[in-house]
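Have a look at the structure below before the remarks.
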Amino acid sequence: MKFFRTTTIAIVLISLVFPIFSVEAASASFRFRSTEIGAGIKQSANWQYEIQNQKDYFGTNESVFALTRIFDISNVQTFQFKYELRGASYQNKYSQVYRPDGNWWAEVWNYDEFGRLSSGHYKLHTMISVNSGAWVLYNTKDFNVGGISNDYYCSNPRYDYGSLETGLGVENNHSFVYSITGRTQDFARNENVYALVRTNNLRSVQSFQIKFEVYLDGKNLHKSNEVAVMYPNCETWTANYSYTNLGKLPSGTHEIRAYIKLNNGSYRRMGSKTITVDGYLNENDYRYRRYDDAKYGYNWTQTDTDIKYYGNYKYGTNNPRNIFSSKEDVKVLTRLSDISNVESFKIRHELHRNGSFYTKKESSLRKPDGRDWEYNYTQSNFGRLSSGDYVAKTFISIEGGAWKYLGSVDFRVNGSGYNNAEFNYDYTQVGHEFNYNNYYYYGYDYPGYVNYPLSRNQY
(Lines give C-alpha, C1' and ligand atoms only; values in the text may rest on other atoms or scores of the structure.)
Protein backbone atom coordinates (compact mmCIF):
# COMPACT_ATOMS: atom_id res chain seq x y z
CA MET A 1 0.00 0.00 0.00
CA LYS A 2 2.83 2.36 0.76
CA PHE A 3 4.35 1.73 -2.66
CA PHE A 4 0.99 2.39 -4.30
CA ARG A 5 0.60 5.76 -2.57
CA THR A 6 4.12 6.85 -3.47
CA THR A 7 3.57 5.95 -7.10
CA THR A 8 0.27 7.81 -7.18
CA ILE A 9 1.84 10.97 -5.77
CA ALA A 10 4.62 10.81 -8.34
CA ILE A 11 2.12 10.58 -11.17
CA VAL A 12 0.14 13.53 -9.82
CA LEU A 13 3.29 15.63 -9.51
CA ILE A 14 4.31 14.85 -13.08
CA SER A 15 0.89 15.83 -14.35
CA LEU A 16 1.10 19.10 -12.44
CA VAL A 17 4.48 20.00 -13.88
CA PHE A 18 3.73 18.86 -17.44
CA PRO A 19 -0.02 19.04 -18.04
CA ILE A 20 -1.10 17.46 -21.32
CA PHE A 21 -3.77 19.24 -23.35
CA SER A 22 -5.66 17.58 -26.15
CA VAL A 23 -6.37 20.13 -28.83
CA GLU A 24 -9.42 20.02 -31.11
CA ALA A 25 -8.85 16.49 -32.35
CA ALA A 26 -7.47 13.55 -30.41
CA SER A 27 -4.44 13.36 -32.68
CA ALA A 28 -3.48 17.05 -32.27
CA SER A 29 -1.73 17.81 -28.99
CA PHE A 30 0.92 19.84 -27.20
CA ARG A 31 2.11 20.41 -23.64
CA PHE A 32 1.93 23.79 -21.97
CA ARG A 33 5.06 24.49 -19.94
CA SER A 34 4.81 28.02 -18.49
CA THR A 35 4.18 31.75 -18.85
CA GLU A 36 6.61 34.05 -17.04
CA ILE A 37 6.70 37.84 -16.72
CA GLY A 38 9.69 40.06 -16.10
CA ALA A 39 11.62 43.17 -17.09
CA GLY A 40 13.36 41.79 -20.18
CA ILE A 41 14.02 38.95 -22.62
CA LYS A 42 17.35 37.27 -23.34
CA GLN A 43 18.08 34.91 -26.22
CA SER A 44 19.88 31.95 -24.68
CA ALA A 45 20.38 29.95 -27.91
CA ASN A 46 18.95 29.73 -31.42
CA TRP A 47 15.17 30.21 -31.12
CA GLN A 48 15.42 29.81 -27.32
CA TYR A 49 14.67 32.62 -24.88
CA GLU A 50 14.46 33.26 -21.16
CA ILE A 51 12.81 35.93 -19.04
CA GLN A 52 15.05 38.47 -17.33
CA ASN A 53 14.45 39.86 -13.83
CA GLN A 54 11.31 37.76 -13.27
CA LYS A 55 8.89 39.43 -10.83
CA ASP A 56 5.28 40.45 -10.21
CA TYR A 57 5.77 44.12 -9.24
CA PHE A 58 7.01 46.70 -11.75
CA GLY A 59 7.78 50.40 -11.69
CA THR A 60 6.02 52.77 -14.05
CA ASN A 61 9.43 53.34 -15.66
CA GLU A 62 9.84 49.65 -16.59
CA SER A 63 8.64 47.76 -19.64
CA VAL A 64 6.77 44.51 -18.94
CA PHE A 65 7.64 41.36 -20.91
CA ALA A 66 5.90 37.98 -21.06
CA LEU A 67 7.36 34.65 -22.23
CA THR A 68 5.37 31.47 -22.91
CA ARG A 69 6.74 28.00 -23.67
CA ILE A 70 4.95 24.97 -25.07
CA PHE A 71 6.52 21.66 -26.07
CA ASP A 72 5.90 18.21 -27.55
CA ILE A 73 3.76 19.64 -30.37
CA SER A 74 2.29 16.77 -32.39
CA ASN A 75 -0.04 16.51 -35.39
CA VAL A 76 -0.83 20.24 -35.34
CA GLN A 77 -1.24 22.13 -38.60
CA THR A 78 -1.18 25.69 -37.22
CA PHE A 79 -1.22 27.43 -33.86
CA GLN A 80 -1.08 30.99 -32.55
CA PHE A 81 -0.55 32.70 -29.17
CA LYS A 82 -2.59 35.56 -27.78
CA TYR A 83 -1.93 37.68 -24.68
CA GLU A 84 -4.84 39.56 -23.10
CA LEU A 85 -3.74 42.25 -20.64
CA ARG A 86 -6.53 43.49 -18.39
CA GLY A 87 -6.29 46.19 -15.73
CA ALA A 88 -5.62 49.92 -15.75
CA SER A 89 -5.07 49.52 -19.50
CA TYR A 90 -6.17 46.86 -22.00
CA GLN A 91 -3.95 45.27 -24.63
CA ASN A 92 -4.26 42.27 -26.94
CA LYS A 93 -1.05 40.88 -28.44
CA TYR A 94 -1.06 38.24 -31.19
CA SER A 95 1.91 36.14 -32.23
CA GLN A 96 2.67 35.06 -35.75
CA VAL A 97 0.86 31.93 -36.96
CA TYR A 98 3.17 28.96 -36.45
CA ARG A 99 2.88 26.20 -39.06
CA PRO A 100 4.20 22.76 -38.05
CA ASP A 101 2.04 21.27 -40.87
CA GLY A 102 1.55 18.09 -38.85
CA ASN A 103 5.26 17.66 -38.05
CA TRP A 104 6.49 17.11 -34.50
CA TRP A 105 8.07 20.20 -32.92
CA ALA A 106 10.08 19.85 -29.72
CA GLU A 107 9.41 23.28 -28.20
CA VAL A 108 8.41 26.87 -29.03
CA TRP A 109 9.17 30.06 -27.11
CA ASN A 110 6.85 33.04 -27.69
CA TYR A 111 7.34 36.46 -26.10
CA ASP A 112 5.94 39.97 -26.33
CA GLU A 113 6.44 43.40 -24.78
CA PHE A 114 3.66 45.53 -23.26
CA GLY A 115 5.70 48.68 -22.69
CA ARG A 116 5.51 50.91 -19.63
CA LEU A 117 2.17 50.65 -17.85
CA SER A 118 0.16 52.95 -15.59
CA SER A 119 -0.07 52.20 -11.88
CA GLY A 120 -2.58 49.54 -10.93
CA HIS A 121 -3.35 45.83 -10.73
CA TYR A 122 -3.19 43.71 -13.90
CA LYS A 123 -4.09 40.23 -15.10
CA LEU A 124 -2.30 38.66 -18.06
CA HIS A 125 -4.19 35.84 -19.81
CA THR A 126 -2.26 33.44 -22.06
CA MET A 127 -4.44 31.94 -24.79
CA ILE A 128 -3.68 29.57 -27.67
CA SER A 129 -5.63 28.76 -30.83
CA VAL A 130 -4.87 25.53 -32.69
CA ASN A 131 -5.81 24.89 -36.31
CA SER A 132 -7.72 28.22 -36.39
CA GLY A 133 -9.99 27.00 -33.60
CA ALA A 134 -11.32 28.89 -30.60
CA TRP A 135 -8.98 30.71 -28.23
CA VAL A 136 -8.37 28.58 -25.13
CA LEU A 137 -7.10 30.03 -21.84
CA TYR A 138 -4.05 28.21 -20.44
CA ASN A 139 -2.59 30.57 -17.85
CA THR A 140 -3.32 33.76 -15.87
CA LYS A 141 -0.67 35.91 -14.19
CA ASP A 142 -1.41 38.68 -11.67
CA PHE A 143 1.01 41.57 -11.22
CA ASN A 144 1.09 45.17 -10.01
CA VAL A 145 2.60 48.39 -11.32
CA GLY A 146 3.42 51.43 -9.19
CA GLY A 147 6.14 53.88 -8.26
CA ILE A 148 9.62 54.15 -9.73
CA SER A 149 11.79 51.04 -9.90
CA ASN A 150 15.47 51.35 -9.09
CA ASP A 151 16.04 48.12 -11.03
CA TYR A 152 15.60 50.02 -14.28
CA TYR A 153 18.35 52.52 -13.65
CA CYS A 154 21.64 50.68 -13.86
CA SER A 155 24.16 52.92 -12.16
CA ASN A 156 27.35 53.87 -13.99
CA PRO A 157 26.99 51.82 -17.23
CA ARG A 158 30.38 50.74 -18.58
CA TYR A 159 31.91 48.79 -21.45
CA ASP A 160 35.28 48.12 -23.09
CA TYR A 161 35.76 48.69 -26.80
CA GLY A 162 37.24 45.59 -28.42
CA SER A 163 37.78 45.92 -32.16
CA LEU A 164 36.29 46.99 -35.51
CA GLU A 165 36.97 44.74 -38.50
CA THR A 166 35.95 44.82 -42.16
CA GLY A 167 35.72 42.05 -44.73
CA LEU A 168 33.66 40.18 -47.31
CA GLY A 169 31.23 38.39 -45.02
CA VAL A 170 30.30 37.32 -41.48
CA GLU A 171 29.93 33.83 -40.06
CA ASN A 172 28.46 32.49 -36.82
CA ASN A 173 31.12 30.39 -35.10
CA HIS A 174 28.80 29.29 -32.27
CA SER A 175 26.14 30.84 -30.04
CA PHE A 176 26.41 34.64 -30.32
CA VAL A 177 30.07 34.56 -31.41
CA TYR A 178 30.69 35.98 -34.89
CA SER A 179 33.77 36.67 -36.99
CA ILE A 180 34.63 38.42 -40.25
CA THR A 181 35.32 36.20 -43.26
CA GLY A 182 37.63 37.38 -46.02
CA ARG A 183 39.12 40.03 -43.73
CA THR A 184 40.37 42.97 -45.81
CA GLN A 185 40.41 46.77 -46.06
CA ASP A 186 40.64 46.77 -49.87
CA PHE A 187 37.40 46.26 -51.81
CA ALA A 188 36.17 46.36 -55.38
CA ARG A 189 33.15 48.45 -56.37
CA ASN A 190 31.05 45.31 -56.96
CA GLU A 191 31.81 43.80 -53.53
CA ASN A 192 29.69 44.16 -50.41
CA VAL A 193 31.50 45.67 -47.42
CA TYR A 194 30.84 44.03 -44.05
CA ALA A 195 31.78 45.58 -40.71
CA LEU A 196 31.86 43.86 -37.31
CA VAL A 197 32.51 45.46 -33.93
CA ARG A 198 33.26 43.61 -30.69
CA THR A 199 32.33 45.15 -27.34
CA ASN A 200 33.66 43.64 -24.09
CA ASN A 201 32.65 43.63 -20.42
CA LEU A 202 29.30 45.42 -20.59
CA ARG A 203 28.39 46.21 -16.97
CA SER A 204 25.36 47.94 -15.42
CA VAL A 205 23.79 48.32 -18.87
CA GLN A 206 20.01 48.08 -19.25
CA SER A 207 20.10 48.33 -23.06
CA PHE A 208 22.49 49.32 -25.81
CA GLN A 209 22.53 49.82 -29.57
CA ILE A 210 25.35 49.82 -32.13
CA LYS A 211 25.47 52.07 -35.21
CA PHE A 212 27.81 52.01 -38.22
CA GLU A 213 28.44 55.03 -40.46
CA VAL A 214 30.32 55.37 -43.75
CA TYR A 215 32.06 58.66 -44.57
CA LEU A 216 33.12 59.01 -48.21
CA ASP A 217 36.74 60.12 -48.41
CA GLY A 218 36.51 60.49 -44.63
CA LYS A 219 34.34 63.62 -44.92
CA ASN A 220 30.75 63.23 -46.14
CA LEU A 221 28.26 60.89 -44.45
CA HIS A 222 27.14 58.33 -47.05
CA LYS A 223 25.29 55.64 -45.10
CA SER A 224 24.18 54.89 -41.53
CA ASN A 225 23.11 51.41 -40.37
CA GLU A 226 21.71 50.75 -36.88
CA VAL A 227 21.77 47.26 -35.34
CA ALA A 228 18.85 45.98 -33.23
CA VAL A 229 18.71 47.08 -29.58
CA MET A 230 20.21 44.57 -27.14
CA TYR A 231 19.04 44.11 -23.52
CA PRO A 232 21.61 42.94 -20.93
CA ASN A 233 19.14 44.15 -18.24
CA CYS A 234 22.00 45.13 -15.92
CA GLU A 235 23.67 41.73 -16.16
CA THR A 236 27.37 41.56 -17.09
CA TRP A 237 28.05 40.52 -20.68
CA THR A 238 31.64 39.47 -21.31
CA ALA A 239 31.41 40.11 -25.06
CA ASN A 240 28.98 41.20 -27.76
CA TYR A 241 29.37 41.04 -31.56
CA SER A 242 27.41 43.41 -33.80
CA TYR A 243 27.74 43.49 -37.57
CA THR A 244 26.20 45.02 -40.68
CA ASN A 245 26.37 44.77 -44.46
CA LEU A 246 27.15 48.25 -45.79
CA GLY A 247 26.58 47.16 -49.38
CA LYS A 248 28.61 48.22 -52.41
CA LEU A 249 30.45 51.54 -52.06
CA PRO A 250 31.80 53.99 -54.67
CA SER A 251 35.50 54.33 -55.42
CA GLY A 252 37.60 56.21 -52.91
CA THR A 253 39.24 56.04 -49.50
CA HIS A 254 36.46 55.90 -46.93
CA GLU A 255 36.13 55.83 -43.15
CA ILE A 256 33.82 53.42 -41.31
CA ARG A 257 32.89 54.51 -37.80
CA ALA A 258 31.25 52.50 -35.01
CA TYR A 259 29.10 54.07 -32.28
CA ILE A 260 27.34 52.81 -29.15
CA LYS A 261 24.27 54.12 -27.31
CA LEU A 262 23.78 53.05 -23.66
CA ASN A 263 20.44 53.00 -21.81
CA ASN A 264 18.73 54.97 -24.60
CA GLY A 265 21.18 57.85 -24.23
CA SER A 266 23.23 59.54 -26.95
CA TYR A 267 25.55 57.77 -29.37
CA ARG A 268 29.23 57.89 -28.54
CA ARG A 269 32.00 56.98 -30.97
CA MET A 270 33.97 53.79 -30.27
CA GLY A 271 36.37 53.26 -33.16
CA SER A 272 36.95 53.64 -36.89
CA LYS A 273 38.54 51.82 -39.84
CA THR A 274 39.79 53.19 -43.17
CA ILE A 275 39.03 51.19 -46.33
CA THR A 276 39.84 51.62 -50.02
CA VAL A 277 37.36 50.89 -52.83
CA ASP A 278 38.60 50.71 -56.42
CA GLY A 279 37.94 48.79 -59.66
CA TYR A 280 35.75 45.77 -60.36
CA LEU A 281 36.22 42.06 -59.73
CA ASN A 282 35.89 39.60 -62.58
CA GLU A 283 33.03 37.13 -62.13
CA ASN A 284 35.54 34.28 -62.20
CA ASP A 285 37.32 35.66 -59.16
CA TYR A 286 36.88 33.37 -56.17
CA ARG A 287 35.85 36.14 -53.79
CA TYR A 288 33.12 37.28 -56.20
CA ARG A 289 31.64 33.78 -56.45
CA ARG A 290 31.94 33.05 -52.74
CA TYR A 291 30.64 36.25 -51.20
CA ASP A 292 28.74 38.25 -53.79
CA ASP A 293 26.03 35.92 -55.13
CA ALA A 294 22.48 37.13 -54.55
CA LYS A 295 20.81 34.79 -52.07
CA TYR A 296 17.22 34.36 -50.91
CA GLY A 297 14.84 31.62 -49.84
CA TYR A 298 11.33 31.16 -51.20
CA ASN A 299 9.08 29.92 -48.37
CA TRP A 300 5.49 29.89 -49.62
CA THR A 301 2.59 31.58 -51.39
CA GLN A 302 -0.85 31.47 -49.73
CA THR A 303 -4.36 32.66 -50.56
CA ASP A 304 -7.05 33.92 -48.18
CA THR A 305 -9.72 36.62 -47.83
CA ASP A 306 -7.79 38.50 -45.16
CA ILE A 307 -4.12 39.19 -44.42
CA LYS A 308 -3.10 40.01 -40.86
CA TYR A 309 -0.26 42.30 -39.76
CA TYR A 310 1.59 40.97 -36.70
CA GLY A 311 4.08 43.79 -36.25
CA ASN A 312 7.75 44.12 -37.17
CA TYR A 313 6.85 43.87 -40.90
CA LYS A 314 5.43 40.35 -40.45
CA TYR A 315 2.22 39.26 -42.18
CA GLY A 316 0.18 36.08 -42.30
CA THR A 317 -3.18 34.52 -43.05
CA ASN A 318 -5.52 33.16 -40.39
CA ASN A 319 -6.16 29.98 -42.32
CA PRO A 320 -4.98 29.67 -45.95
CA ARG A 321 -7.87 28.79 -48.25
CA ASN A 322 -8.26 27.42 -51.76
CA ILE A 323 -12.06 27.69 -52.06
CA PHE A 324 -13.72 31.12 -52.41
CA SER A 325 -17.11 32.46 -53.39
CA SER A 326 -17.47 35.11 -56.07
CA LYS A 327 -18.59 37.53 -53.32
CA GLU A 328 -15.24 37.35 -51.49
CA ASP A 329 -11.97 39.18 -52.10
CA VAL A 330 -9.03 36.93 -53.02
CA LYS A 331 -5.68 37.98 -51.56
CA VAL A 332 -2.29 36.41 -52.29
CA LEU A 333 0.65 36.52 -49.85
CA THR A 334 4.26 35.43 -50.54
CA ARG A 335 7.10 35.07 -48.02
CA LEU A 336 10.84 35.20 -48.74
CA SER A 337 13.57 34.72 -46.14
CA ASP A 338 17.36 34.91 -45.68
CA ILE A 339 17.81 37.63 -48.31
CA SER A 340 21.45 38.70 -48.73
CA ASN A 341 23.67 40.39 -51.32
CA VAL A 342 20.59 41.74 -53.13
CA GLU A 343 20.45 45.39 -54.14
CA SER A 344 16.78 45.36 -55.21
CA PHE A 345 13.99 43.01 -56.27
CA LYS A 346 10.33 42.89 -57.28
CA ILE A 347 7.66 40.20 -56.83
CA ARG A 348 4.96 39.48 -59.41
CA HIS A 349 1.73 37.54 -58.85
CA GLU A 350 0.00 36.17 -61.95
CA LEU A 351 -3.51 34.71 -62.05
CA HIS A 352 -4.32 32.03 -64.62
CA ARG A 353 -8.01 31.15 -64.98
CA ASN A 354 -9.14 27.85 -66.46
CA GLY A 355 -5.69 27.37 -67.98
CA SER A 356 -5.32 30.86 -69.54
CA PHE A 357 -3.55 34.00 -68.33
CA TYR A 358 -6.02 36.30 -66.56
CA THR A 359 -4.21 39.21 -64.86
CA LYS A 360 -1.15 40.10 -62.79
CA LYS A 361 0.06 42.46 -60.07
CA GLU A 362 3.64 43.56 -59.38
CA SER A 363 5.06 44.81 -56.10
CA SER A 364 6.87 48.08 -55.66
CA LEU A 365 10.67 47.90 -55.83
CA ARG A 366 12.13 46.41 -52.64
CA LYS A 367 15.61 47.77 -51.87
CA PRO A 368 17.74 45.85 -49.35
CA ASP A 369 20.76 47.72 -50.80
CA GLY A 370 22.95 44.69 -50.12
CA ARG A 371 21.94 44.43 -46.46
CA ASP A 372 20.79 41.15 -44.93
CA TRP A 373 17.01 40.87 -44.63
CA GLU A 374 15.64 38.08 -42.46
CA TYR A 375 12.33 38.01 -44.34
CA ASN A 376 10.02 39.92 -46.70
CA TYR A 377 6.29 39.64 -47.39
CA THR A 378 4.50 40.67 -50.60
CA GLN A 379 0.71 40.75 -50.89
CA SER A 380 -1.69 41.34 -53.78
CA ASN A 381 -5.44 41.92 -53.55
CA PHE A 382 -7.21 40.66 -56.68
CA GLY A 383 -10.64 41.57 -55.34
CA ARG A 384 -13.77 39.63 -56.29
CA LEU A 385 -13.26 37.14 -59.09
CA SER A 386 -15.70 35.35 -61.37
CA SER A 387 -16.22 31.61 -61.02
CA GLY A 388 -13.51 29.28 -62.23
CA ASP A 389 -10.35 27.35 -61.41
CA TYR A 390 -7.32 29.56 -60.81
CA VAL A 391 -3.57 29.26 -60.37
CA ALA A 392 -1.67 32.05 -58.59
CA LYS A 393 1.94 31.99 -59.83
CA THR A 394 4.78 33.85 -58.10
CA PHE A 395 7.83 35.32 -59.87
CA ILE A 396 10.86 37.35 -58.75
CA SER A 397 13.10 39.81 -60.61
CA ILE A 398 16.50 40.52 -59.04
CA GLU A 399 18.03 43.94 -59.75
CA GLY A 400 15.96 44.41 -62.91
CA GLY A 401 16.80 40.99 -64.32
CA ALA A 402 14.54 38.41 -65.95
CA TRP A 403 11.49 37.13 -64.09
CA LYS A 404 12.14 33.80 -62.35
CA TYR A 405 9.32 31.43 -61.41
CA LEU A 406 9.19 30.63 -57.67
CA GLY A 407 6.02 28.62 -57.07
CA SER A 408 2.24 28.54 -57.34
CA VAL A 409 -0.96 27.80 -55.45
CA ASP A 410 -4.27 26.53 -56.89
CA PHE A 411 -7.68 27.79 -55.81
CA ARG A 412 -11.29 27.79 -56.99
CA VAL A 413 -13.96 30.49 -57.04
CA ASN A 414 -17.56 29.28 -56.87
CA GLY A 415 -20.48 31.35 -58.14
CA SER A 416 -24.06 31.27 -56.95
CA GLY A 417 -25.36 28.73 -59.40
CA TYR A 418 -25.74 28.69 -63.18
CA ASN A 419 -22.75 28.11 -65.45
CA ASN A 420 -22.03 26.63 -68.85
CA ALA A 421 -19.05 26.26 -71.14
CA GLU A 422 -19.16 29.90 -72.26
CA PHE A 423 -19.83 31.85 -69.08
CA ASN A 424 -20.60 31.58 -65.35
CA TYR A 425 -23.50 33.29 -63.61
CA ASP A 426 -22.35 34.55 -60.21
CA TYR A 427 -25.15 36.59 -58.61
CA THR A 428 -27.55 39.54 -58.84
CA GLN A 429 -27.83 42.02 -55.96
CA VAL A 430 -30.32 44.77 -55.13
CA GLY A 431 -29.43 47.79 -53.00
CA HIS A 432 -29.52 51.57 -52.63
CA GLU A 433 -25.93 52.21 -53.71
CA PHE A 434 -23.79 50.82 -56.53
CA ASN A 435 -20.00 50.68 -56.28
CA TYR A 436 -18.77 50.53 -59.86
CA ASN A 437 -15.18 49.46 -59.36
CA ASN A 438 -14.66 49.03 -63.10
CA TYR A 439 -10.99 48.44 -63.74
CA TYR A 440 -9.98 47.47 -67.24
CA TYR A 441 -6.85 45.37 -67.04
CA TYR A 442 -5.42 43.15 -69.77
CA GLY A 443 -8.76 42.92 -71.57
CA TYR A 444 -10.90 42.02 -68.55
CA ASP A 445 -13.47 44.15 -66.78
CA TYR A 446 -13.52 43.84 -63.00
CA PRO A 447 -17.24 43.87 -62.04
CA GLY A 448 -18.85 46.43 -59.81
CA TYR A 449 -20.90 45.42 -56.80
CA VAL A 450 -23.71 46.69 -54.59
CA ASN A 451 -22.86 48.27 -51.25
CA TYR A 452 -25.02 46.83 -48.44
CA PRO A 453 -27.27 44.51 -50.53
CA LEU A 454 -30.90 44.28 -49.42
CA SER A 455 -32.58 41.10 -48.26
CA ARG A 456 -35.78 39.93 -50.00
CA ASN A 457 -38.10 41.45 -47.37
CA GLN A 458 -36.46 44.88 -47.87
CA TYR A 459 -37.19 45.20 -51.61
Filtering the stretch 352-388 down to residues that are of a type in the set (A, V, I, L, M) and at pLDDT below 90 yields LEU365
Restricting the first residue to the stretch 398-414 and requiring it to be charged (D, E, K, R), which pairs with a second residue that is assigned to a strand (DSSP E or B) and surrounded by 13 or more Cβ atoms within 10 Å (Cβ to Cβ) meet a Cβ separation below 6 Å and a spacing of at least six or different chains? LYS404/ILE396; ASP410/VAL391
Condition met for ASP101 (of a type in the set (Asp, Glu) and under 27 Å from ASN233 (Cβ atoms)): no
The strands (runs of 3 or more DSSP E) lying entirely within the stretch 55-101 that contain at least 2 residues which are of a type in the set (A, V, I, L, M, F, W, C) are 63-74, 79-86
Can you run down the residue pairs with Cβ atoms below 7 Å, 6 or more apart or on separate chains, where the first is in the stretch 253-268 and on the phi < 0 side of the Ramachandran plot and the partner is among the basic types (Lys, Arg)? ILE256/LYS273; ARG257/ARG269; TYR259/LYS211; TYR259/ARG268; TYR259/ARG269; ILE260/ARG268; TYR267/LYS211; TYR267/LYS261
Which of the numbered conditions does GLY247 fail, given that it passes all the others? Conditions: (1) closer than 19 Å to ALA188 by Cβ; (2) small (Gly, Ala, Ser); (3) at pLDDT 90 or above. (3)
Within the stretch 116-139, can you find the residues that are under 24 Å from ASN103 (Cβ atoms) and part of a strand (DSSP E or B)? THR126, MET127, ILE128, SER129, VAL130, VAL136, TYR138
Among residues belonging to the stretch 321-348 that are assigned to a loop (DSSP other than H, G, I, E, B) and touching a Lys or Arg at 6+ places or on another chain (Cβ under 9 Å), point out the one that is surrounded by the most Cβ atoms within 10 Å (Cβ to Cβ). VAL342
Candidate set: the stretch 210-233, residues that are within 25 Å of the chain's Cα centre (by Cα) and not hydrophobic (A, V, I, L, M, F, W, C); chosen: the one nearest to ARG269 (Cα to Cα): LYS211
Subset of the stretch 224-258 that is of a type in the set (S, T, N, Q) and part of a strand (DSSP E or B) - its residue that is nearest to ASN312 (Cα to Cα): ASN225
Are any residues in the stretch 195-223 part of a loop (DSSP other than H, G, I, E, B) and not charged (D, E, K, R), and if so, which ones? SER204, VAL205, GLN206, SER207, GLY218
Which condition number in (1) surrounded by 13 or more Cβ atoms within 10 Å (Cβ to Cβ); (2) over 30 Å from LYS295 (Cβ atoms); (3) at pLDDT below 85 is the one that GLY443 fails? (1)
Do we have GLY370 as assigned by TED's automatic domain parsing to the domain that holds VAL413 and under 18 Å from the mean Cα position of the chain (by Cα) here? no
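Residue-wise test of (1) of a type in the set (A, V, I, L, M); (2) in contact with a strand residue (DSSP E or B) (Cβ under 9 Å, 6 or more places away or on another chain); (3) loosely packed, with under 14 Cβ neighbours inside 10 Å.
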| position | (1), (2), (3) |
| --- | --- |
| ILE180 | yes, yes, no |
| LEU196 | yes, yes, no |
| LEU202 | yes, yes, no |
| LYS223 | no, yes, no |
| TYR231 | no, yes, no |
| ALA239 | yes, yes, yes |
| ALA258 | yes, yes, no |
| GLY265 | no, no, yes |
Flag for ASP217 being at positive phi, outside the structural domain of GLU374 (by TED's automatic domain parsing) and in contact with a strand residue (DSSP E or B) (Cβ under 9 Å, 6 or more places away or on another chain): yes
Being in a strand (DSSP E or B) and crowded, with 18+ Cβ neighbours inside 10 Å is the filter here, so list the residues in the stretch 182-194 that pass it. PHE187, TYR194
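The values are calculated or read from the model by the stated rules, or taken from the named source; none is laboratory data. Remember, predicted model here, so these are calculated numbers, not experimental data. Positions of Cβ are backbone-derived with ideal geometry, glycine not excepted, and every protein chain shown enters the neighbour counts.
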